[in-house]
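Engineer: Just dropping this structure here.
The values are calculated or read from the model by the stated rules, or taken from the named source; none is laboratory data. This is a predicted model, so every value here is computed, not measured. Here the Cβ positions follow ideal geometry from the backbone for every residue, glycine too, while neighbour counts run over all protein chains shown. To get the accessible areas, we keep the full protein, side chains included, count just its heavy atoms, and leave off ligands, DNA and RNA. Shrake-Rupley method; radii C 1.70, N 1.55, O 1.52, S 1.80 Å.
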Amino acid sequence: MPSELRNTLRAARRSLQPGEREQKSLAITRQLAGYLPFRRARRIALYMPTAEEVDTSFAISMAISMAKRSGEHTSELQSP
């Protein structure tokens, strides 16, 4: 069952057109920008996506502009 779900989700990601992927990436960033726990957080973790996933670079850029820190250590976020 879990592998069926994983395959279904992977197929859905692969079917996204580049413009649609960018729209979804921007929509996620807008939602994140309005999410109070994110706005209050001093430290966050974001992932670097594969080619078939939504682009997190918009969210990373926003986090940098908000002076968020990354991970358990005091290393600062860097632009992708």
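Engineer: Accessible area of the chain with a 1.4 Å probe: how many percent of it is carbon plus sulfur? Walk me through the numbers on the way to the answer.
Structural biologist: Values: 3300 of 6150 Å².
Carbon and sulfur together cover 54 percent of it.
Engineer: With the Cα gyration tensor of region 23-70 in hand, give its eigenvalues times 5 under a square root as the equivalent ellipsoid semi-axes, listed largest first in whole angstrom.
Structural biologist: On the way: eigenvalues 66, 30, 13 Å².
Values for region 23-70, descending: 18, 12, 8 Å.
Engineer: Quick one: accessible area per residue over the chain, 1.4 Å probe, rounded to a whole number of Å²?
Structural biologist: Working: 6150 Å² over 80 residues.
I get 77 Å² per residue for this part.
Engineer: Using modelled backbone amide H atoms (1.01 Å from N, in-plane), which distant-in-sequence or interchain residues come within less than 5 Å of R43's amide H?
Structural biologist: Under 5 Å from the amide H of R43: R69.
Engineer: Report, in debye and to the nearest 20, how large the dipole of the chain comes out about its Cα centre when Lys and Arg carry +1 and Asp and Glu carry -1 on their Cβ.
Structural biologist: Values: 13 positive and 8 negative charges, 63 e Å.
For the chain, the charge dipole is close to 300 debye.
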